[in-house]
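The values are calculated or read from the model by the stated rules, or taken from the named source; none is laboratory data. Bear in mind the structure is a predicted one, so any value in this text is a computation, not a measurement. When we count neighbours, we look across all protein chains shown, and the Cβ atoms used for this are built from the backbone with ideal geometry, even at glycine.
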Amino acid sequence: MRICIIFLFLGLRTAGPPYPVCHLNIIKAVEEYEYIQEGDIMIGGVMTVHLNVFNVTFPWDNSTRLLCTDPIQENFKHLMDFRFAVEQTNKDPGRLPNVTLGYYIYDSCGDALKGVRSVLQILSGTREPVPNYSCVGKRNIAGFIGDLTSETTLPIAQILTLYGYSQISYGATDPSLSDRITFPHLFRTIHSDEAHYFVMSKLLRHFGWTWVGVITSDDISGEREHQMLAKYLSREGICIEFSLRINMNNLNYFQKTKDNEIIQESSTSVIILCGTVSMLFIVRIDMDPDKRGFQEKTLILSSSWGSMEAILYYDPKLFNCSLVLVPEYHYDLDTPEMGSFLQNSHPSNYPEDKLLEDIWMIYFNCLSEDKKKNDLYQYIYPELHLHNCTGKERITDLHYFRGKYNSLQVHLAVDMMSRALHDMNMKLNKKSEEKRQMDIYKHQLHLYLKKIQYRSKQDETFSFDENREFITKYLVYSNFMASPDLVIKNFLGEFSPWSPLDQQLNINSTSVPWKTKDNKIPRTQCSDNCLPGQRMMPIPGAQSCCYDCVPCAEGEISTTTDSVSCIRCPDMEWPNEKKNQCIGRTEDFLSYTKDLISVVIFIVSVLFFLTTQLILGVFIKYQDTPIVRANNRNLSFLLLVSIKLSFLSVFLFLGRPVDITCMLRNITFGITFSIAVSSLLAKTIMVCVAFKATKPGSSWRKWVGVKLSNSVVLFCSSIQIIICMTWLAISPPFQELDLHTYPGTIIIQCNEGSAIGFYSVIGYMGLLAAVSFVLAFLARTLPDSFNEAKYITFSMLLFCSVWITMIPAYLSTKGKNTVCVEIFAIVTSSAGLLASIFLPKCYIIFLRPERNTKSNLLYKVQSTIQSPTSI
């Protein structure tokens, strides 16, 4: 009696007094559409051929019956495939030998109650279903095929699970049917909605359709599909602009609400149609006077809508260029055997086939021999114009019965069940031969079904997966309505579950008609694409698909369209102008080949070096003349050599800095300048000592000589050398890459290592220069002929001015400009020393040779002695 409890749960009522068996008060159908072919083993079938069912009350007896209407070509083709598969099995000597396969099929008309009644009729073996009782013991029901929709398959599966019958659905897509605990014997030759919406989300992502609308039915199925669809769309970054839940059974619902206004004002060009299929929805759209805007949208059909091609003809403009996913199987039914089977399917050959007669009446407008049926159909289908037919009509004249429209879900289901029955029968031994007439297939057949496998010519394996769903490819088609009565399916590509993840979806052709003015792929996005070099910035309060595009931050790039974030370039690279590629940073240093200032510095330094060398040559040539000898020629030679080295040290600042040049550049000019300034200091001291020694009885005479000058130079230079060596030992200069001062530029420079060491070198040179300046300033009034004090004073004044000015300039500049400041200071101070000290002497040597005589010097000395000046 447990079946009765299920029916009460389903809303079916038990009526009358209690009987030994359950009596179900189920509304009877006007026509049962029953197909029976007896066999040793029977396969039950509950199939949806008619699309709609209505409760009709007949006035002559006040009886209410179910009236099935709108038989669909493709659904009737499913029924033909069922019968053809059974016929093939019986003709195959290798399949089920010595056993005949039969079938017991009912049309559920897409109604759950009718489907439940059909199952019970098959199990009971009577027109009036009796639960838990079979009136035809000889029928050995092995399993069931059906149904097309989840709404009818679910209650059928609940009943068959209690009995232990294996069931193969050929169209139910509800993911709950994959529950192995609730439905352990249920299989499907089609993917569930989970797989379908997964592929659909990948397809939308491929076309860049990230802003879509969704229309679903206002029922449990519609809500379930909407939640599932939203989940997969969200994973692919696709947003839903609007979601409409429409009562598919209320003809006026769509007009009374603002749903159509929402669709008209939406910015999306793509709408996904899911949920329960209903012709009333299409009728409401067709009745809407403002439907034109809706018809301009591209529809994406879910599995339930896409599996029924008949809906396309109800509104060709609405469904024109709609996209649909169709499963592809490993074989084809476009065979001569199938063609012969269909050609033989004619009402004259099967006069008892009421459904076949209905097809002839509806699609060929042929009159029936039953006058009452003609009147009924004229009333139900006012557009019919029934007439006497010639008898030459063939079912293959209908477009869906041609080879290219073959659908294999039902044929595959019957074939797999017959294979499982064959494998199971082969394992039956003689002792179980008697049980063959009993319920041996209950709770057993599913163990063989899940092992069935097919292999294609491409060596692809087709079988049931862990969810008992048959694994297939998906083909992507565009439905082009060439005319109100002709649909052309344009192939776009395919989705292969066996391919690598990034190669599963392969769209081969997009050169098909589209619902756009330029006949190009529709664009449906909330915001424009962010180009490479930009990133998406969310708009507060808006969906993730609505965003602003902002340029990448400094030092960052984006290489793809619609980048969520930018990536930072490596340290040695920098974004190009468009910020879509990292390129090598520009290197900044005083290059010989790229910087004009380097060439100028090179030429100036060489000229000053040659000038110094020339002056040194002059002094060597005229070293015995009074002007050269009077000013301590050894110190002059040492000073000229140090000035030459100072000019040469400039070349250590040019070119790409490396560690060795960084260490040598400051050390070299520090030591050479210290020697030069020490020489000047020694000269100044010698001038003072010489004039002190000219006084009678002066004790300064013992200091006159080269020892004092050499000692001064050696001592002062040694201190600078010690400072430099200490600097190199503790924290030497090194090459440094400055990546932060100038964007996109690597400043290749020398890090001083120790600022104390650097400023100690500069400070010590300044100290020597200051002492020399003070002494030279005090000795500036001595006679011109041999007194250098005033020239030393000027040179030290110039030297100090240059280096004092250099320090703030050095600290305020960066990169090669800093190096230029330092070079300028070196060249200027060196040139100042050269010009101040040696040019006056060269003037006397070349232009005033009469002053370069001993008598002139003695005259000056005598004049000085007669009027001595204290210093």
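Points worth noting:
- Residues considered: Asn529, Asn519. Of these, the only one that is of a type outside the set (A, V, I, L, M), assigned to a loop (DSSP other than H, G, I, E, B) and on the phi > 0 side of the Ramachandran plot is Asn519.
- Once region 690-713 is narrowed to residues that are loosely packed, with under 14 Cβ neighbours inside 10 Å and part of a helix (DSSP H, G or I), the residue that is modelled with the highest pLDDT is Ser711.
One line per residue, one yes/no per condition, for (1) modelled with pLDDT under 85; (2) under 26 Å from Thr818 (Cα atoms); (3) not in a helix (DSSP H, G or I):
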| position | (1), (2), (3) |
| --- | --- |
| Val599 | no, yes, no |
| Ser605 | no, yes, no |
| Leu616 | no, no, no |
| Ile620 | no, no, no |
| Asn631 | yes, no, yes |
| Phe637 | no, no, no |
| Pro657 | no, yes, yes |
| Leu680 | yes, no, no |
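- Among the residues of region 218-239, those identified as at negative phi and not in a helix (DSSP H, G or I) are Asp218, Asp219, Glu236, Ile238, Cys239.
- Matching entry among Cys526, Cys566 (being within 30 Å of Val214 (Cβ to Cβ) and not assigned by TED's automatic domain parsing to the domain that holds Leu318): Cys526
- Single condition Glu587 does not satisfy, out of (1) among the charged types (D, E, K, R); (2) surrounded by 14 or more Cβ atoms within 10 Å (Cβ to Cβ); (3) out of contact with any strand residue (DSSP E or B) (no Cβ under 6 Å at 6 or more places or on another chain): (3)
- Any chance Ser221 is surrounded by fewer than 21 Cβ atoms within 10 Å (Cβ to Cβ) and of a type in the set (Ser, Thr, Tyr): no
- For region 653-663, the condition of being in contact with an Asp or Glu (Cβ under 9 Å, 6 or more places away or on another chain), among the charged types (D, E, K, R) and either closer than 17 Å to Ser711 by Cα or buried (at least 24 other Cβ atoms within 10 Å of the Cβ) (or both) holds for none of the residues.
- Residues satisfying the stated conditions in region 805-823, i.e. among the hydrophobic types (A, V, I, L, M, F, W, C), surrounded by fewer than 17 Cβ atoms within 10 Å (Cβ to Cβ) and in contact with a helix residue (DSSP H, G or I) (Cβ under 8 Å, 6 or more places away or on another chain): Ile807, Ala809
- Any hit, region 779-799, residues being in the same structural domain as Ser836 (by TED's automatic domain parsing), surrounded by 16 or more Cβ atoms within 10 Å (Cβ to Cβ) and farther than 28 Å from Val712 by Cα: no
- The condition of being assigned to a loop (DSSP other than H, G, I, E, B), out of contact with any Ser or Thr (no Cβ under 8 Å at 6 or more places or on another chain) and farther than 30 Å from Ser678 by Cα holds for only one of Asp562, Asp624, that being Asp562.
- Filtering Ile792, Ile762, Ile826 for residues that are part of a helix (DSSP H, G or I), of a type in the set (A, V, I, L, M), closer than 21 Å to Ser636 by Cα and modelled with pLDDT of 85 or more leaves a single hit, Ile826.
- Residues of region 372-402 satisfying the condition of being free of Cβ contacts under 8 Å to residues at least 24 places away in the same chain and hydrophobic (A, V, I, L, M, F, W, C): Leu376, Leu384
- Checking the stated criteria, Thr100 turns out to be touching a residue at least 40 places away in the same chain (Cβ under 8 Å), more than 52 Å from the chain's Cα centre (by Cα) and in the same structural domain as Gly146 (by TED's automatic domain parsing).
- Considering region 329-357, the residues that are touching a Phe, Trp or Tyr at 6+ places or on another chain (Cβ under 7 Å) and within 17 Å of Ser407 (Cβ to Cβ) include one that is modelled with the lowest pLDDT, namely His330.
- Number of the exception - Pro347 against (1) surrounded by fewer than 20 Cβ atoms within 10 Å (Cβ to Cβ); (2) in contact with a strand residue (DSSP E or B) (Cβ under 9 Å, 6 or more places away or on another chain): (1)
- Identity of the residue in region 725-749, in contact with a Ser or Thr (Cβ under 9 Å, 6 or more places away or on another chain) and under 24 Å from Ile675 (Cα atoms), that ends up surrounded by the most Cβ atoms within 10 Å (Cβ to Cβ): Pro733
- For the criterion of being out of contact with any Gly (no Cβ under 6 Å at 6 or more places or on another chain), within 28 Å of Gly146 (Cβ to Cβ) and not basic (Lys, Arg), Asp358 passes.
- Flag if Thr89 is in the same structural domain as Ser418 (by TED's automatic domain parsing), touching a strand residue (DSSP E or B) at 6+ places or on another chain (Cβ under 7 Å) and either of a type outside the set (A, V, I, L, M, F, W, C) or not in a helix (DSSP H, G or I) (or both): yes
- Only residues that are buried (at least 19 other Cβ atoms within 10 Å of the Cβ) and among the acidic types (Asp, Glu) were counted across region 38-96, and they come to 1.
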